[in-house]
Structures are given as structure tokens and as C-alpha cells.
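Enquirer: Okay, handing you the structure first.
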Amino acid sequence: MPVSDALSRKTVADTSGGAARSSHRGRRPLAALLCMVLLHETVPASPADAAGFTLSTLGIMQPFLPSAAAPQPSSQPPSQPASPPSPAPSLPSSPHPSSHHASRPAPTPPTPPTGIESADERPKLAPVPMPPDDQLPGSPSQWKIQSALKQLGFYHGPLDGGYATPQFRADLEVYLETIPDYLTKYVRLPFEEIVLMGLNNTVRLSLPADRTLAAPMSYLARANLNGNDLARLRAATERANAHPDQEQQWRSTDGRRGGTVVMSGAPNGPCGTFSLRVDINDATETAGPLEGCRRHGQWEVITDSPR
């Protein structure tokens, strides 16, 4: 027998039975009268009510109890005649008290984030970790150079760790040319180390994106933006300047790169506060809010030191 039923039956039976015996035998009439008055105020009217009363009093599993306001047919008092089945009642014009939450208007679902705000839902742009050497095909050093250059957008060949093809050597040379002090500072370092330094943002690269609002971003983001991407970014920046606080988006032809620009300030002014998002292969990076101004016909980030 469940604990709740045992407690309920014992509470009602002991209390009601004790009062009946006192009244029947005529012992202590005053005490019996007081007990009857107290029982009238505290004892529930039915076993179902008694179960709810007892458990609520003891504080045991109250949230899990069924409502005592609508007892099952087995819990009806024996003296109550069974009533014939009645047709299903129509829905009341006002909500039932037990469903008072339904009377409140349903909250409006949040609008899915777009543009700059949606960056929180996308994976962050970051270098892909290099596997252990014993898991790499061909030469591990060659494979890591290929992988780093591919992530930076300089290499488009296979990742096989094989011998350097003429195209691979040309792609590596283009990358090395973006390091302004390569010949004076890094020429003696292995190619693998130099390329990984660029991937991890620990060596200075000079890139076309430096002359755009994307300048504060990582080299992983900037190096992947080609000339057509930068032209679209500049056009989106002009639209953002003409329409403050409105997101202006751009996307590459192949759909692998894109982003959003938002600018605040006087419309068509020479300077403004901007926020920028750049997407590279479904990963994203953000910058801002930062100050930017139009210089020599294009928008650049305001910095304390000259480039």
C-alpha cells in the first residue's frame, strides 16, 4: 500500500473512529464535543481530500499529487448516488483556474538573429589543429606547410605531403612575399615554422585587406579575402555609411566568403563607428565597434600609429 494511502486512511480512521467511540459511550462529553468541532474544521470530506491534506501537511511530494478537486468515481462517498452519464460539457467562456496560464497571450517567439548578431551561433574562425606526425601521409613537414597555406588561402592543391610541385613552390613564394621583414628576420627559419607563424598570427603579414575595415581581424580571415571580396566589402561599407544602423551584407560568387557591415554615425559622413563580421567557409570572425574613416577614397580603421 502506498505511503500516502496508508497515512490518509490512518489519519481519517483514527480521528473519526476516536470521535465516534467517545460520542457513543458518553465518556467525556465536553472533550467529545470539542473534538467534533475541531474535526469539522480540519478533517477533509473524502479519502482523496484526506490524502492531499495529509501529504500537504507533511510536505511530502506535494507537486506530484493529482488534484483533489476532481476525485475519481472510486473516491466518491458511499452515500452519494451515481448520476447518469451526461453529455460532454462545452468549453467555458473563461479559462479554468487550473489552466490560468492559457489565459495569457502567448509570448512572441524571438526573431532568429541575423547579420552581426548571428555570429554567436556560428563556429569561430580558428586554425585547424595539426594531426600527429605518424598520422600524416608523405612528409609531415611538407603536409603541414600545405595545410597551413591552404587554410590561409594561398594553396589550392591536394594535402598529400608529397614533393613540391611548381605550383606549390609558387604559392609558397607568394606567401613569403607578404612578410615585410622576411629576408632580414625570418629567412633562416624552416618554411614549416614560418607558415605556421602566419596561421597562428605570430608574424606580421602585409595584405590587401589591411586597407579595409577588416584590418583588425586575424591573418586567417584577411588572407582569405581576394580582390573581388574586398571590392564587395568596400561597397557594403559605403551602403552602411549611407544607411546608419542597418546591416549591409556581401557574399563572394562561390558563396564561400561573405560578411556584414553595420555603421553608426551621421549619414554619408567621413567617419563612423562600425561593427564587422567576416565569414570564411561557414566559420566567422567579428570586429568592432571601432572607429573608421574614409581616406583616399576608401574606408580604413583609425589607428594611433601609421601603417
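The values are calculated or read from the model by the stated rules, or taken from the named source; none is laboratory data. All figures in this text were calculated on a predicted structure; none of them were measured in a lab. Methodologically, a virtual Cβ is constructed for each residue, glycine included, from the backbone with ideal geometry; neighbour enumeration extends over all protein chains shown. Only protein heavy atoms, including side chains, enter the accessible area calculation; ligands, DNA and RNA are left aside. Shrake-Rupley method; radii C 1.70, N 1.55, O 1.52, S 1.80 Å.
Enquirer: Six or more apart or on different chains, Cβ atoms under 6 Å: show the pairs whose first residue is in the stretch 240-251 and outside any helix (DSSP H, G or I) and whose second is open to solvent by less than 30 Å² (accessible area, probe 1.4 Å) and of a type in the set (S, T, N, Q).
Expert: Going by the 6 Å Cβ cut-off, the qualifying pairs are Glu247/Thr260; Gln249/Thr260.
Enquirer: Further question: Looking at (1) of a type outside the set (Ser, Thr, Tyr); (2) out of contact with any Ser or Thr (no Cβ under 9 Å at 6 or more places or on another chain); (3) modelled with pLDDT of 95 or more, which one does Pro129 not meet, given that it meets all the others?
Expert: Of the numbered conditions (1) of a type outside the set (Ser, Thr, Tyr); (2) out of contact with any Ser or Thr (no Cβ under 9 Å at 6 or more places or on another chain); (3) modelled with pLDDT of 95 or more, the odd one out for Pro129 is (3).
Enquirer: If the Cβ limit is 8 Å and pairs must be 6+ apart or interchain, which residue in the stretch 252-265 that is over 15 Å from Ala287 (Cβ atoms) pairs with which residue that is part of a strand (DSSP E or B) and among the hydroxyl-bearing types (Ser, Thr, Tyr)?
Expert: Gly265/Thr273
Enquirer: Hey, among the residues in the stretch 161-187 that are of a type in the set (A, V, I, L, M, F, W, C) and in contact (Cβ under 8 Å) with a residue 12 or more places away in the chain, which one's farthest from Ile145 (Cα to Cα)?
Expert: Kept after step one, since they are of a type in the set (A, V, I, L, M, F, W, C), are these residues of the stretch 161-187: 164, 168, 170, 172, 174, 176, 179, 183, 187.
Narrowing the set further to residues that are in contact (Cβ under 8 Å) with a residue 12 or more places away in the chain leaves 164, 168, 172, 174, 176, 179.
Values: Ala164: 10, Phe168: 10, Leu172: 9, Val174: 13, Leu176: 12, Ile179: 16 Å.
It comes out as Ile179.
Enquirer: Hey, among the residues in the stretch 150-207 that are of a type in the set (D, E, K, R) and in a loop (DSSP other than H, G, I, E, B), which one's farthest from the chain's Cα centre (by Cα)?
Expert: Arg188
Enquirer: Would you check which residues across the stretch 221-237 are in contact (Cβ under 8 Å) with a residue 12 or more places away in the chain and open to solvent by 30 Å² or more (accessible area, probe 1.4 Å) and list them?
Expert: Those that are in contact (Cβ under 8 Å) with a residue 12 or more places away in the chain and open to solvent by 30 Å² or more (accessible area, probe 1.4 Å): Asn226, Gly227, Asn228, Arg232, Arg234, Ala235.
Enquirer: I'm trying to understand the selection: among the residues of the stretch 144-180, which are of a type in the set (A, V, I, L, M) and within 21 Å of Gly227 (Cβ to Cβ)?
Expert: Those that are of a type in the set (A, V, I, L, M) and within 21 Å of Gly227 (Cβ to Cβ): Leu149, Leu152, Ala170, Leu172, Val174, Leu176, Ile179.
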